[in-house]
Amino acid sequence: MKLYGYWRSTSTWRVRIGLQLKRLDYEYAPVNLLEGAQHRDEYRGINPAGTVPLLEVEEGGRTVRLAQSL
């Protein structure tokens with residue numbers, strides 16, 4: 001499980017809190033919004049909306065990406 005997020009994002013903090021309460025292991029991948037990392041091709045390939053947080057889960061041999069809904 002991999003969590004893409006920005007350290008100042010309250011949404012990212014809520015996801016981190018939820019994962020820790022459930023005692024789920026995850027890798028944290030920082031996305032620096034101040035540097036515009038959310039607009040780079042590498043991140044847009046993972047999340048076309050360019051939003052944080054994004055939770056990436058490997059499930060049944062496939063990758064499922066859960067993004068924040070508006």
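The values are calculated or read from the model by the stated rules, or taken from the named source; none is laboratory data. These numbers come from a predicted model, not from an experiment. Every residue, glycine among them, receives a Cβ derived from its backbone with ideal geometry; neighbour counts consider all protein chains shown. Areas reflect the complete protein model, heavy atoms only, side chains present, ligands, DNA and RNA absent. Shrake-Rupley method; radii C 1.70, N 1.55, O 1.52, S 1.80 Å.
Figures for the structure shown
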| read-out | value |
| --- | --- |
| Carbon plus sulfur fraction of accessible area for the chain, probe 1.4 Å, in percent | 53 |
| Cleavage-rule hits, trypsin sites (Lys or Arg not before Pro), the chain, DSSP coil, Cβ neighbours within 10 Å at most 11 | Arg8, Lys22, Arg23 |
| Cα centroid of region 48-70 to Cα centroid of region 5-23, whole Å | 14 |
| Relative contact order (%) - region 1-43, alpha-carbon pairs under 8 angstrom, separation at least six | 46 |
| Alpha carbon Rg of the chain, scaled by the compact-globule rule 2.2 N^0.38 Å | 1.07 |
| Beta bridge orientation in the chain: antiparallel %, DSSP, nearest 5 | 70 |
| Per-residue SASA entry for Leu21, accessible area with 1.4 Å probe, Å² rounded to 10 | 130 |
| Estimated dipole of the chain in Debye, rounded to 20 [Cβ of Lys and Arg +1, of Asp and Glu -1, Cα centre] | 280 |
